[in-house]
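Before any comments, here is the structure.
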Amino acid sequence: MKIGYPCINLSLDCKGDRTFRLKSYSEERLVEIVDNNLNCLFEILRFNVAHNLLFFRITSDLVPFASHPICKFDWQSHFHNKFQEIGNYIRTNDIRISMHPDQFTLINSPDKGVFERSLQELIYHAHVLDLMELNTSAKIQLHIGGVYKDKITSINIFVERFNELPDLVSKRLVIENDDRSYTLQDCLEVSSITDIPILLDSFHHEVKNSGESQAEAVSLASSTWRQEDGILMIDYSYQPGDGRRGAHSYTMNVDHFTQFLDITKSYDFDIMLEIKDKEKSSLKAVEAAKDDKRFVMAI
DNA sequence: CCCTGTCAAGTCACG
DNA sequence: CGTGACTTGACAGGG
């Protein structure tokens with residue numbers, strides 16, 4: 001079990017998700033920003049290793065406009081050495097990596113144009129992980145997508161489109177249950193046809209489920225991960241009673257987290273804290289988990 | 001320098 | 001049919 005947080009670190013004076021406006025696009029600008037973002041990513045990873053945080057989600061903003069037609073620049077070659085250096089560090093320290101394309105990435109849209117743009121976006125994500133020479137335990141997590149008024153058809157389209165994906169994408173893709181449309185059961189149905197592993201979002205599962213307990217959900221999702229996929233990934237967050245539905249909590253409820261670890265103690269997984277204060281809560285989680293026999297410390 | 005409207009992309013709920 | 005939420009900050013242009 002490794003513990004982590006997504007995309008940004010609030011303690012460091014360094015932002016790895018800087019971007020700029022499409023209107024001000026230029027190659028010089030792109031190079032400047034990507035250079036900054038890669039340096040900062042490396043700095044965050046070093047911070048994480050120093051704090052026993054060995055699970056991290058790399059921001060989709062690492063290379064702004066990478067999948068946009070405006071981008072003709074060969075950033076893969078230009079930053080090859082830097083990606084190698086970071087990849088080396090990740091492999092040496094055995095850091096688990098995920099990426100999560102944003103809500104515009106939908107492979108089951110009836111609109112072929114939406115699918116085509118999403119495909120380009122997924123290829124960009126796969127290139128980032130490939131450039132770092134990470135194995136297929138580094139994952140790209142995606143929701144099944146829209147319902148478009150007909151869930152069965154939409155699931156079928158997802159499966160068809162998945163089967164069309166190039167290998168560099170499909171070998172890394174995992175699906176995640178969401179809190180409005182596609183539950184764990186829906187994901188299991190898709191997984192049974194496609195063998196896609198299921199990333200469990202424990203909070204979404206709490207909001208929308210088919211009666212499975214958290215422990216049962218962990219067990220079901222866990223069984224969809226093959227040897228080459230690594231162990232189950234979990235996105236964890238906790239909603240205090242008064243917050244708006246679906247909103248992530250601001251800070252860690254250590255009791256709730258400890259309880260979650262306890263009820264899932266017969267399963268191993270890597271767990272990402274989707275909590276607004278990011279690494280601060282992750283450090284509390286590490287503190288709470290350090291005596292757990294599943295917990296993996298930095299070398 | 002400071003203020004603030006706006007930002008690549010999609011879907012869905014709501015009025 | 002149009003707008004805001006999702007997530008949120010910060011870019012960038014105007015004063």
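Readers should treat all values here as calculations from the given coordinates under stated rules, not as data from a laboratory. Model, not experiment: these values are computed from the prediction. With ideal geometry, Cβ positions are generated from the backbone for all residues, glycine too; neighbour counts draw on all protein chains shown.
Using 0.36 nm per residue, how much length does the chain from A:R91 to A:T153 gain when fully extended, once their Cα-Cα distance is taken away? Don't skip to the end; give the middle numbers.
Details: separation 62, 0.36 × 62 = 22.32 nm, distance 4.05 nm.
Working it through step by step, the gained length comes to 18.3 nm.
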Original post:
Leaving out same-chain residues fewer than 8 places away, which aspartates and glutamates sit with a Cα under 17 Å from that of A:K23?
Top reply: A:E32, A:D61
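Hey, with R₀ at 41 Å, roughly what FRET efficiency would A:L168 and A:T258 work out to, going by the Cβ-Cβ distance, to 0.05? List each step's numbers first, then the result.
Details: r = 39 Å, r/R0 = 0.95.
In this case the efficiency is close to 0.55.
Under the rule a/c < 1.5 gives rounded, and otherwise a/b versus b/c splits prolate from oblate, where does segment A:91-209 land using the Cα gyration tensor?
Values: a/c = 1.94, a/b = 1.31, b/c = 1.48.
Oblate, because a/c is 1.5 or more while a/b does not exceed b/c.
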Subject >> Percent breakdown of C-alpha pair distances by 10 Å bin, ordered from the shortest bin, for segment A:3-289 >> reply: 6, 28, 36, 24, 5, 0
Subject >> Among the listed pairs A:K139/A:K290; A:K208/A:K290; A:K265/A:K290; A:K72/A:K171, those beyond 21 Å (Cα-Cα) >> reply: A:K139/A:K290; A:K208/A:K290; A:K72/A:K171
Subject >> Label-to-label distance, nm, for residues given as A:Y25 and A:L12 (7 Å Cα→Cβ offset) >> reply: 2.8
**OP:** Would you kindly calculate the translational diffusion coefficient of segment A:184-299, applying Stokes-Einstein with the Kirkwood radius from alpha carbon pairs, for 10 °C and a viscosity of 1.306 mPa s, and quote it in µm² s⁻¹ without decimals?
**Re:** 106
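Say R0 is 30 Å: what FRET efficiency, to the nearest 0.05, do A:Q84 and A:S192 get from their beta-carbon distance?
Details: r = 38 Å, r/R0 = 1.26.
Once rounded, the FRET efficiency stands at 0.20.
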